[in-house]
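Visitor: What follows is a single structure, and I will ask about it in a moment.
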Amino acid sequence: MRLRADEVEVLQQTMRVLHLDSTSDALREGLRLLAREAAETAASEQLHAYYGGQSAPLPDAASDPTEAELQAADESQW
């Protein structure tokens, strides 16, 4: 695999921050994260297909959020 100089720098910085001992460790971690993201994307696509493009229904005990609740969530900061 060929990396540009800026990509090598990002890889080395990432390895330092995450305490990864080798490029192989970094690649394994990257593959693990990609596999997890792919699984999440596949699950999302399956739900989308199952519900025909509509939102999944809320559980019986849940209610739709009010406009005030949505606004408060939009304004909240982490």
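The values are calculated or read from the model by the stated rules, or taken from the named source; none is laboratory data. All values reported here derive from a predicted model rather than from experimental measurement. Cβ placement follows ideal geometry from the backbone for every residue including glycine, while neighbour counts extend to all protein chains displayed. Please note that ligands, DNA and RNA were not included when accessible areas were found on the heavy atoms of the full protein model with its side chains. Shrake-Rupley method; radii C 1.70, N 1.55, O 1.52, S 1.80 Å.
Visitor: Of all residues being over 17 Å from the mean Cα position of the chain (by Cα) and open to solvent by less than 70 Å² (accessible area, probe 1.4 Å) in region 24-45, which is nearest to Gln12 (Cα to Cα)? Just the residue, please.
Guide: If we take residues in region 24-45 being over 17 Å from the mean Cα position of the chain (by Cα) and open to solvent by less than 70 Å² (accessible area, probe 1.4 Å), then Ala26 is nearest to Gln12 (Cα to Cα).
Visitor: Please list, ordered by first then second residue, the pairs with beta carbon atoms under 8 Å, 6 or more apart or interchain, first in region 52-73 and assigned to a loop (DSSP other than H, G, I, E, B), second among the hydrophobic types (A, V, I, L, M, F, W, C) and at pLDDT below 90.
Guide: Sorted first by the residue in region 52-73, then by its partner, the pairs are Asp64/Leu58.
Visitor: List every residue pair whose Cβ atoms lie under 9 Å apart, where the two residues are 6 or more positions apart in sequence or sit on different chains, the first residue falls within region 1-30 and is part of a loop (DSSP other than H, G, I, E, B), and the second residue, located anywhere, is of a type in the set (A, V, I, L, M) and surrounded by 13 or more Cβ atoms within 10 Å (Cβ to Cβ).
Guide: Met1/Leu27; Leu3/Leu11; Leu18/Ala26; Leu20/Ala26; Asp21/Met15; Ser22/Met15
Visitor: Also, quick follow-up: Given the conditions (1) open to solvent by 70 Å² or more (accessible area, probe 1.4 Å); (2) over 30 Å from Leu3 (Cβ atoms); (3) within 22 Å of the chain's Cα centre (by Cα), and given that Ala56 satisfies all but one, which numbered condition is not satisfied?
Guide: Failed condition: (1).
Visitor: Oh, and also: Kindly list the number of the only condition in (1) open to solvent by 100 Å² or more (accessible area, probe 1.4 Å); (2) in a loop (DSSP other than H, G, I, E, B); (3) at pLDDT below 95 that fails for His48.
Guide: Result: His48 fails condition (2) only.
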